[in-house]
There are 4 protein chains.
Amino acid sequence: MAKLYFRYGAMNSGKSTALIQVAHNYRERGQHVLVVKPTVDTKSPQVVSRLMVSREVDLVLDEEAALRDAVLAAGAPDCLLVDEAQFLTGAQVEDLFRLAVQDGIPVIAYGLRNDFRTRGFPGSLRLMELAHSIEELKTICRCGRKATLNARTVGGAFTREGSQVAIDGEVGYESMCGTCYLLKIGTLG
Amino acid sequence: MAKLYFRYGAMNSGKSTALIQVAHNYRERGQHVLVVKPTVDTKSPQVVSRLMVSREVDLVLDEEAALRDAVLAAGAPDCLLVDEAQFLTGAQVEDLFRLAVQDGIPVIAYGLRNDFRTRGFPGSLRLMELAHSIEELKTICRCGRKATLNARTVGGAFTREGSQVAIDGEVGYESMCGTCYLLKIGTLG
Amino acid sequence: MAKLYFRYGAMNSGKSTALIQVAHNYRERGQHVLVVKPTVDTKSPQVVSRLMVSREVDLVLDEEAALRDAVLAAGAPDCLLVDEAQFLTGAQVEDLFRLAVQDGIPVIAYGLRNDFRTRGFPGSLRLMELAHSIEELKTICRCGRKATLNARTVGGAFTREGSQVAIDGEVGYESMCGTCYLLKIGTLG
Amino acid sequence: MAKLYFRYGAMNSGKSTALIQVAHNYRERGQHVLVVKPTVDTKSPQVVSRLMVSREVDLVLDEEAALRDAVLAAGAPDCLLVDEAQFLTGAQVEDLFRLAVQDGIPVIAYGLRNDFRTRGFPGSLRLMELAHSIEELKTICRCGRKATLNARTVGGAFTREGSQVAIDGEVGYESMCGTCYLLKIGTLG
């Protein structure tokens, strides 16, 4: 039985680099990898790492997309890699589970586990419920501790306002430990 | 900084045994451990392991309980252990987080991550969002694979009907792998 | 392919309890577990946990024992559990590896990783080289930190003298963190 | 207390990429990272990843080098990263341990755990004995399973002959699972 892996990490923990590395490892062995990504992240049709390496996305999926059908139609790969998996719908995560369990395709989904108000995204919550293996990619807070939360800034000032997804010029994010998050944001609730 | 640990596992993975062992380890070192448990599980005011060892619960918490205040009022322990943590409210999990981050008390919460319809419980979902470390306690399916899901039986027959929490004589649970779960229950959704 | 797991931990981390729990989980599913143990530990032909639960050992192995042959002759089990695995020889660990890889039997070996002078045992070093999965069972130091080393006492006084294995009335062990170990013992080398 | 981490993986598992990513994460936070490497690997004074990213090595250490003194003399960093850590001497690994425990510097050492005959290297064995945390970087075998061993080829043919370290034009390595290794090499011993 193949497995569904959820590799989560705070902002800037190296999720895209890790995905590109795994794609590279499979390709080196002559194996076929498919890389998919939800459309919510409209930055680009590529996986782009802060180390300045990038990788084409094979399938871009909107919220209505039948993920399993699309993957099987693309030719069942030896491994399926998902970038920005937090933006998947719950039904799409169930498709990832079936691709692993019923179709025998290892699936590795990379994503955030919580938003700027410490709440899960639809995709990450369903992954936390269903993944066979939950693994953390670590990064550090400005204070040197491990960062587990993501704070939002608008124009450089910390805020708890706005919609769950906001990726425009004014909005920034900083991965933080619990102590610094409570200091800057004041509340988890 | 102390940490909040979520150690999850399917039914019968040995969560209570693990909790009792950790309590024993701390006590052997002359350290003070507090064991808490939500009231939803009315089986007993004890942590009871299938290995036939048990441990008193120090605080039983209903849904309204102010967890952090209660723990601090009981004398801040060297370590806080939580049994059946899936039944905590989201606000109580936030209290666990604050006890670790702000009060410096290591917190180890043991619980299920998903119910018989593969959905998270309120406490486990919030723990998945906030815990500093997420660790799995493994057990096996009837087929020998790792079990990650929990199926419900009523009178011995598998079912997807009923409320999230049901602990009476007729109702049973079986921890299962994805393949066996889909075979017996037919759907994840 | 089945796997060879090495679950290591310092003294009194609950290794025997964990082994007994796993044996219990398999038996509950109607599966056959074999428990083996090297003779070096002559304390008893049982696995005995500090929680006062115990489990019969099915095979006691001296250093000359052909482990793989003995296990297969005993009827290939659904799972092989090894207590005090640090005392196995390197060749016996290779047999564990072959039982997993060639005979399809999952093997879970529990043991110490280092002795009172911070050096590996023959069995644990070979397990660190060969195991498919290396997992830690945690316990705490007297100071509350995680213990990763084991200090020896003779008549209550810390010492670095004596042979690697010494289990008599005068000799005791204390699991410690690096800071406390260096404070009490003075050196790693 | 800072910790000593050993992140091990088979050949081509992405160890150098992971190191470069961590260095990048620290630098982004305005923190000072020191990257060290033993001289045994004479390929270059850089960490070079197969993704075509690279990073300067700050200190190249021969077997005689007093690692701890050299690191402290270079200005105690916020984090110490070690490439090719399997080539360190045991005494140098003890220095890493002291830098973490006594000097409060987190140390992350990346390396192989076993050579082409499945035996540990001096540095990796001592790291397995002393590291506070042992974490695996995974890669795959040609057959799609996880690779945990490293086979040597000379002129394209598998071999068990030669010294532990050999990095010249004729010699190649392939990371493999246990099944494929036994098939190609025939023995672990």
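Å³ per residue of the Cα convex hull, for the range D:137-189?
Numbers: hull volume 5.0 nm³, N = 53.
It comes to 94 Å³ per residue, whole-number rounded.
Of all trypsin sites (Lys or Arg not before Pro) in the range D:90-128, which ones are in loop regions per DSSP and have a Cβ with at most 13 other Cβ atoms within 10 Å? Before the final figure, lay out the partial values.
Numbers: sites: D:ARG98, D:ARG113, D:ARG117, D:ARG119, D:ARG126; in loops: D:ARG113, D:ARG117, D:ARG119.
Passing sites in the range D:90-128 do not exist.
When each copy gets a label point 7 Å from Cα toward the beta-carbon at D:GLN46, what are the spacings between them in nm, shortest first?
D:GLN46 label point versus its equivalents elsewhere: 2.0, 6.4, 6.6 nm.
Only four residue types carry charge here, +1 at the Cβ of Lys and Arg and -1 at the Cβ of Asp and Glu. Report the dipole size of the protein assembly as shown about the Cα centre in Debye, rounded to the nearest 20.
Taking the Cα centre of the protein assembly as shown as origin, the dipole is about 0 debye.
Given chain B, what percent of its DSSP beta bridges are antiparallel, to the nearest 5?
Values: 13 of 32 bridges.
Of those bridges, close to 40 percent are antiparallel.
In peptide B:139-150, how many Cβ atoms from other protein chains are near each Cβ within 10 Å, on average? Working shown, then result.
On the way: counts 7, 9, 1, 4, 3, 7, 2, 4, 2, 8, 3, 0.
Per residue, the average neighbour count from other chains is 4.
List the trypsin sites (Lys or Arg not before Pro) within the range C:34-82 that fall in a DSSP loop (any state other than H, G, I, E or B) and whose Cβ has at most 16 other Cβ atoms within 10 Å. The partial results should precede the final answer.
Values: sites: C:LYS43, C:ARG50, C:ARG55, C:ARG68; in loops: C:LYS43, C:ARG50.
Filter output for the range C:34-82: C:LYS43, C:ARG50.
Show that you can apply the helix-only estimate: for chain B, add -39,500 (n - 2.57) for every DSSP H stretch of four or more residues, divide by all residues, and state [θ] at 222 nm to the nearest 500.
Details: 5 runs with 50 residues, N = 189.
Using -39500 (n - 2.57) per qualifying helix, the result is -8000 deg cm²/dmol.
About the Cα centre, and with charges only on the beta carbon of Lys, Arg (+1) and Asp, Glu (-1), how big is the dipole of the range B:1-67? Nearest 20 debye, please. List each step's numbers first, then the result.
Numbers: 9 positive and 7 negative charges, 84 e Å.
It comes to approximately 400 debye.
Hey, can you grab everything whose amide H is under 5 Å from the amide H of C:TYR173? Only 5+ residues off in sequence or another chain; H modelled, so Pro and N-termini drop out.
C:THR153
Scan around B:LYS146 for amide H atoms under 5 Å from its own, H built in the peptide plane at 1.01 Å from N, and keep only partners 5 or more places away or cross-chain.
B:CYS141
With the Cα gyration tensor of the range B:22-83 giving a ≥ b ≥ c as the square roots of its eigenvalues, does the rule (a/c under 1.5 for rounded; else a/b larger than b/c for prolate; else oblate) give rounded, prolate or oblate? Write out the running numbers ahead of the final one.
Details: a/c = 3.01, a/b = 1.06, b/c = 2.84.
In terms of gyration-tensor shape, oblate.
Rounded, prolate or oblate: which fits the range A:109-162 when a ≥ b ≥ c are the square roots of the eigenvalues of the alpha-carbon gyration tensor, with rounded for a/c under 1.5 and prolate only if a/b beats b/c?
Details: a/c = 3.39, a/b = 1.47, b/c = 2.30.
It comes out oblate by the Cα gyration axes.
What do you get for GluC sites (Glu not before Pro) in the range A:136-189 restricted to DSSP loop and a cutoff of at most 11 other Cβ within 10 Å of the site's Cβ? Before the final figure, lay out the partial values.
Details: sites: A:GLU136, A:GLU161, A:GLU170, A:GLU174; in loops: A:GLU161, A:GLU170.
The qualifying sites are A:GLU161, A:GLU170.
Scan chain C for the residue whose Cβ is closest to the axis carrying it onto chain D, then write down that distance in whole angstrom.
Spelled out, residue of C and its Cβ distance from the axis onto D: C:MET128, 2.
Would you work out which of D:SER16, D:HIS32, D:VAL60 lies farthest towards the positive end of the dipole of the range D:4-136, given +1 charges on the beta-carbon of Lys and Arg and -1 on that of Asp and Glu, about the Cα centre?
Checking the options against the dipole of the range D:4-136, the answer is D:SER16.
Roughly speaking, what is the centre-to-centre gap between the range B:115-132 and the range D:70-141 when only Cα atoms are used, to the nearest Å?
36 Å
Can you list the distances in nanometres, one decimal and ascending, from the C:ALA76 label point to the identical position in each other copy, with the point 7 Å along Cα to Cβ?
2.6, 5.6, 5.7
So for chain A, averaging the separation of alpha carbon pairs under 8 Å that are six or more residues apart and normalising by length, what relative contact order in percent results?
Working: 389 pairs, mean separation 51.0, N = 189.
Computed over chain A, the figure is 27 percent.
For B:TYR5, C:TYR110, which order do you get if you count the other beta carbons within 10 Å of each Cβ and list the fewest first?
Working: B:TYR5 22, C:TYR110 27.
The most exposed by this proxy come first: B:TYR5, C:TYR110.
Evaluate the charge dipole of chain A about its Cα centre and quote only its size in Debye, nearest 20, assuming +1 on the Cβ of each Lys and Arg and -1 on the Cβ of each Asp and Glu.
Details: 22 positive and 22 negative charges, 188 e Å.
Roughly 900 debye for chain A.
If you take the square roots of the eigenvalues of the alpha-carbon gyration tensor of the protein assembly as shown and sort them as a ≥ b ≥ c, do you get rounded (a/c under 1.5), prolate (a/b over b/c) or oblate?
On the way: a/c = 1.21, a/b = 1.05, b/c = 1.15.
Verdict is rounded for the protein assembly as shown.
Checking the table A:LYS3/C:LYS3; A:LYS184/B:LYS15; C:LYS15/D:LYS146; B:LYS37/C:LYS138; A:LYS146/B:LYS15 against a 24 Å threshold on Cα-Cα, which pairs fail?
On the way: A:LYS3/C:LYS3 15 Å; A:LYS184/B:LYS15 36 Å; C:LYS15/D:LYS146 26 Å; B:LYS37/C:LYS138 22 Å; A:LYS146/B:LYS15 26 Å.
The answer is A:LYS184/B:LYS15; C:LYS15/D:LYS146; A:LYS146/B:LYS15.
Taking neighbour Cβ counts within 10 Å as the exposure measure, how do C:PHE97, C:PHE121 sort from fewest upward? Before the final figure, lay out each step's value.
Working: C:PHE97 26, C:PHE121 22.
Lowest count first: C:PHE121, C:PHE97.
In nm, one decimal, shortest first: how far is the label point of A:THR179 (7 Å from Cα along Cα to beta carbon) from the matching points in the other copies?
A:THR179 label point versus its equivalents elsewhere: 1.3, 4.7, 4.8 nm.
Charges on Cβ only, +1 for Lys and Arg, -1 for Asp and Glu, centred on the Cα centroid of the range D:78-189; of D:PHE116, D:LEU99, D:VAL82, which one is farthest towards the dipole's positive end?
The residue sitting most towards the positive pole is D:PHE116.
Bin width 5 Å, origin at 0, all Cα-Cα pairs of chain B: what percent of pairs per bin?
Cα pair-distance distribution for chain B, in percent: 1, 8, 16, 20, 20, 15, 9, 6, 3, 1, 0.
Can you sort B:VAL171, B:VAL22 so the residue with the fewest Cβ neighbours within 10 Å comes first?
Numbers: B:VAL171 15, B:VAL22 23.
By the 10 Å Cβ count, ascending, the order reads B:VAL171, B:VAL22.
No lab work stands behind these numbers, since they all come straight from the coordinates. The model shown is predicted, which means the values in this text are computed figures rather than measured ones. No Cβ is skipped: glycine too gets one built from the backbone with ideal geometry, and neighbour counts run over all protein chains shown.
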